Amino acid sequence: MDATNSSNSFFNRKSIFAGAGLILGLILFLIINPFSWNDAGNRTVVERTTGEQIVQFAPGIFYAGFFAKEKEWPNQISVTYQSENANLDLEDNGIEVGQIMIRFSDATTANVKGITQFILPSDEKEMILIHNTHRTPQSLVVKRLAPYTKECLQSSAQLMSSEKHYGGGRAQMAQDFMDQLKEGVYLLMTEENLVYDSLEREKKRVYQTEIQYDKKTNLPRRKTSSIKEYGITVADAAITDVDYEDKVDQKLVKIIDAVTKSSISKQELMTAQQQTLTAKAKGEQALVEIEYQQKQEQTKQVVEAETKVKVAEQDKLQQKIAYEGAILEAKKIKELADAQAYARKMIMQADGALEMKLNAQVEVQKAWAEAFAKYTGAVVPQIQTGAGPTTNGALSFMDIMTAKTARDFALDMKPRGN
């Protein structure tokens, strides 16, 4: 019985020691475990007991070595400047450094909100250099990335005034900011100029900041980039808000009011000018219509006058034709008359001087007519008796002359040769 109890007690103690040894061995293995794990989206810098440093970029299990030290870094690290106060804890691969104050070329200030994303180098030597220089992501952000971001922002703001930035210079500022982040900060120079202040109506001395350019390459001159030497590149940068100081807001309000009044005045002027042009156009249109009507009336009168002239000319032509026809007709009649006269003359000549005979007969008739007129006797008998015919000398004379005349005419009126 005692032997059995002793045997059980021995096995119990052995089991306890074995379990304790196993636990101690496991703890020791965990402490001196030569294997490690790298999360996706990160890289791990390993410092071995031999002093060798390596960087594990690929995710998963890797051999680090016994008693090695490890430091995990994000592949991308963001510098955010959204809040008023800084928060240096690494959250979602980003560190909040607080809003950045900038100063424009007109000496006004503003607080800027935004975010800048940097990509850590994929080269092992450059990553080891960053690790040895800054040791932690917070140190890298505070001592290098945040100051570099602020310097690029302030340099971009110096290239324009707050008024210019408000009036459409936001995109230009963002472009200058990104260019300097990637390539290095510009070397600037200041020029003094006199400009007219439209609000205060006086000339002011202003200092204009300009970029220095290399005379040979015509490229901007820059400071050496403080991130390029470590192989850090810029993934993206965004300026989300610019909050001007109060006096800038007050100045912008005045400018907006002045611009609004100017726009209203210009609109009123344009309206008045348009009304003037409209009235002028209507007046010109009325004049054109009157002129057109007058020209139509003139044209009508000219046409009527020309028509009358043409009608008169036609009448004149017709009269001329009628006149010429009358002349021709008269000439024809004259020629016919001449021809008839000539014919009568020829007939008379052919009849043996009929005209002379007629003239002689006329004279003879005149003579006996005069003689008869002087006769004082009774032509008709005063007393008639019986039934027989009675005559007197006068009647007998008249009968004789009548018969003689008839005989003469009957004989002489015949043409010769018939």
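Would you kindly state how much longer the chain becomes between A305 and W37 on full extension, computed as 0.36 nm times their sequence separation minus their alpha carbon distance, in nm to one decimal?
84.8 nm
Please label the shape of the stretch 75-244 as rounded, prolate or oblate, based on the square roots a ≥ b ≥ c of the eigenvalues of the alpha-carbon gyration tensor (a/c under 1.5 means rounded; beyond that, a/b larger than b/c means prolate, else oblate).
oblate
Using the count of nearby Cβ atoms within 10 Å as a rough guide to exposure, how do T149, T233 rank from fewest to most?
Values: T149 26, T233 16.
In increasing order of surrounding Cβ atoms, one gets T233, T149.
Sort V364, V248, V79 so that the residue with the fewest other Cβ atoms within 10 Å of its own Cβ comes first and the one with the most comes last.
Ranked by crowding around the Cβ, least crowded first: V364, V248, V79.
What GluC sites (Glu not before Pro) in the stretch 57-131 are in a loop by DSSP, with at most 10 other Cβ atoms within 10 Å of the Cβ?
Here the GluC sites (Glu not before Pro) that fit, given the DSSP loop and packing criteria, are E84.
Just to confirm the filter: which trypsin sites (Lys or Arg not before Pro) across the stretch 114-179 are DSSP coil and have at most 14 other Cβ within 10 angstrom of their Cβ? Can you show the working numbers first?
Working: sites: K125, R135, K143, R144, K150, K164, R170; in loops: R135.
Sites meeting the loop and neighbour criteria: R135.
Along the stretch 303-308, what does the Karplus equation 6.51 cos²θ - 1.76 cosθ + 1.60 (θ = phi - 60°) give for ³J(HN,Hα), rounded to whole Hz, x for Gly and Pro?
Those phi angles translate into 4, 5, 4, 4, 5, 4 Hz.
Which ³J(HN,Hα) values in Hz, rounded to whole numbers, follow from the phi angles of the stretch 254-262 under the Karplus curve 6.51 cos²θ - 1.76 cosθ + 1.60, where θ = phi - 60° and Gly and Pro get x?
Those phi angles translate into 4, 5, 5, 4, 5, 5, 5, 4, 4 Hz.
With a sphere of radius 13 Å drawn around the Cβ of L194, what net charge do the other residues whose Cβ falls strictly inside it have (Lys, Arg +1; Asp, Glu -1)?
-1
Checking the cross-link filter: which lysines have an alpha carbon closer than 28 Å to that of K300, excluding same-chain neighbours under 8 positions apart?
K282, K308, K310, K316
How large is ³J(HN,Hα) for each residue in the stretch 312-319, as worked out from phi by the Karplus curve 6.51 cos²θ - 1.76 cosθ + 1.60 (θ = phi - 60°), to whole Hz, x for Gly and Pro?
Result, ordered by residue: 4, 4, 5, 4, 4, 5, 5, 4 Hz.
Can you give me the long-range amide H partners of M101? Hydrogens built in the peptide plane at 1.01 Å from N, cutoff under 5 Å, separation of 5 or more residues or another chain.
Under 5 Å from the amide H of M101 lie the amide H atoms of V112, each far enough along the sequence or on another chain.
Compute the length gained on full extension between A326 and A171: take 0.36 nm times their separation in residues and subtract their Cα-Cα distance, giving the result in nm to one decimal. Mind dumping the intermediate values first?
Values: separation 155, 0.36 × 155 = 55.80 nm, distance 10.52 nm.
Working it through step by step, the gained length comes to 45.3 nm.
Show the residues, 5+ positions off or on another chain, whose built amide H is closer than 5 Å to the amide H of E70.
Those lying under 5 Å, H to H, from E70 are E47.
No value in this document is a laboratory result; all are computed from the given coordinates. These figures come from a predicted structure and were not determined experimentally. Glycine gets a Cβ as well: all are built from the backbone with ideal geometry, and neighbour counts include every protein chain shown.
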